[in-house]
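To keep things clear, I will list the structure first and then write my remarks on it.
Please treat every number below as a calculation from the coordinates, not as lab data. Because the structure is a prediction, the values reported are computed rather than measured. Note that we place each Cβ from the backbone using ideal geometry, even for glycine, and neighbour counts take in every protein chain shown.
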There are 2 protein chains.
Amino acid sequence: MTTRTDALTRREQILKEAARLFAARGFHGVGVDEIGAAVGISGPGLYRHFAGKDAMLAELLVGISGRLLDGGKLRVADTEGGPDDVLSALIDGHIDFALDDRPLITLHDRELDRLRDSDRKLVRQLQRQYVELWVGVVREIHPTAPESEARIAVHAVFGLLNSTPHLGSLGRPATESLLRRLAHGAFAALSD
Amino acid sequence: MTTRTDALTRREQILKEAARLFAARGFHGVGVDEIGAAVGISGPGLYRHFAGKDAMLAELLVGISGRLLDGGKLRVADTEGGPDDVLSALIDGHIDFALDDRPLITLHDRELDRLRDSDRKLVRQLQRQYVELWVGVVREIHPTAPESEARIAVHAVFGLLNSTPHLGSLGRPATESLLRRLAHGAFAALSD
DNA sequence: GCAACGTGTTAACGCTCATTAACAGAGCAA
DNA sequence: TTGCTCTGTTAATGAGCGTTAACACGTTGC
């Protein structure tokens, strides 16, 4: 079949377009006909690839949470140096993610409650593990800050990094650099 | 009728409950029957107070944008001292808002595209003015930072401040103080 | 050649849900 | 009393939309 490195599977095409549309107008705001049209087939044709609209959302959300967590774990394990370097690696990774897959990031904290219980639990668990990854590193750097403060700070920095609405007039590298500085600045304030 | 200082009018009750429900499950995720039930009347009964479901959302979003902008203007005008003090006042005001009216803040950047064109334009204009208020102050403090950087930083700090999902185990004052420090820390990084 | 399968199509079903219709009672002015 | 307004009610309407049914056609394995 067409599973070369450059070509996307039909399934992957559908997921990509569905993510874009869901992020733009919300899960309920997009019809299956529209998703189908985005990949050149008809609405009911989607049911040859997914059990239903819910299944698409579930796969998207579980996928993004899993990739975020895996990427984070990898960076924590692979980074040599002190916790400062690890935190930098986590921030850089999250920025890449936020800029590359903004539709998915948007979905991630917007449409979670549309999932069936089991999927929602899974996503929440993955999210929690990702947060705790960050909290652990942050607490190494700021041992005096209580854990609850560190956790709120991590959530706040996620909000900061995920806020990029459009790359603005800055280019990609400048935006990355700016977000990096802002995130480090926020965490630095933890020791004040 | 009951328009004392403590009692809410029926309209206000409805708006309050609608805001809470919309924030929790999204505009399309909430039915009129549910909104009606939340204030003790039936679904169609709402139509005695609002032209439709869309009208409730419009009034909520225009209201929140307007109050944010008005509050910001007031603080800029009333604060004595340098731009640092003005920025502090803006941050404090936004934190109060984020903690007091979180449902509305959530709606604010989540359901904007459900509005009719005229309302959406109005809300966008109010939002833009609010952002520019901040950008002006930030640029006074960091004159070397280009305007596009300042604007992205302002958006990022909004994301940071609006990220509070639950007050967590910290109390309200401690959360306020923490968010304040994080926001100042992020802005401080603009001059790096 | 042919059965099986994968992947489409269009038409129809059924449910949800915003909105409207039709009606009713309380409070109040004349 | 009479009638008007305000604020509710329940029942009906009608559109939108996810899903399923029924059918078609190319490819592949035997």
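Structural remarks
- Under the Karplus curve 6.51 cos²θ - 1.76 cosθ + 1.60, θ = phi - 60°, whole-Hz ³J(HN,Hα) for the range B:44-53, x wherever Gly or Pro sits: x, x, 4, 6, 6, 10, 9, 5, x, 4
- The orientation-averaged projected area of the convex hull spanned by the Cα atoms of the range A:3-129 comes to 8.8 nm².
- Using a 7 Å Cα-to-Cβ projection, A:Arg120 label spacings across copies, nm, ascending: 2.8
- The angle between the Cα long axis of helix A:117-141 and the main principal axis of chain A comes to about 20°, on a 0 to 90 degree scale.
- Here each label is just a point 7 Å from Cα along the line to Cβ, and for B:Leu74 and A:Leu99 those points are 4.0 nm apart.
- Here is how the number arises for the protein assembly as shown: DSSP H runs of 4 or more residues each give -39500 (n - 2.57), the sum is divided by the residue count, and the result at 222 nm is -22500 deg cm²/dmol.
- Whole-percent pair-distance distribution, where bins are 10 Å wide, for the alpha carbons of the protein assembly as shown: 4, 20, 30, 27, 14, 4, 0, 0
- For B:Ala24, inter-copy label distances in nm, listed shortest first [label point 7 Å out on the Cα-Cβ vector]: 3.2
- Cα centroids of the range B:18-81 and the range A:1-77: 32 Å apart.
- If you bin all the Cα-Cα distances of the range B:62-150 at 10 Å, starting from zero, the percentages per bin are 16, 44, 32, 8, 0.
- Two-site FRET efficiency, B:Arg25 against B:Asp54, from Cβ-Cβ distance with R₀ of 25 Å, rounded to 0.05: 0.90
- Inter-copy label distances for A:Pro143: 4.4 nm (label point placed 7 Å from Cα along Cα→Cβ; shortest first).
- Modelled this way, with points 7 Å down the Cα-to-C-beta line, the labels at B:Ser169 and B:Glu132 are 4.6 nm from one another.
- Per residue, the convex hull spanned by the alpha carbons of the range B:106-192 comes to 105 Å³.
- Springs between Cα atoms under 10 Å define the GNM used for chain B, and in it the highest mean-square fluctuation of B:Asp113, B:Asp85, B:Asp101 occurs at B:Asp113.
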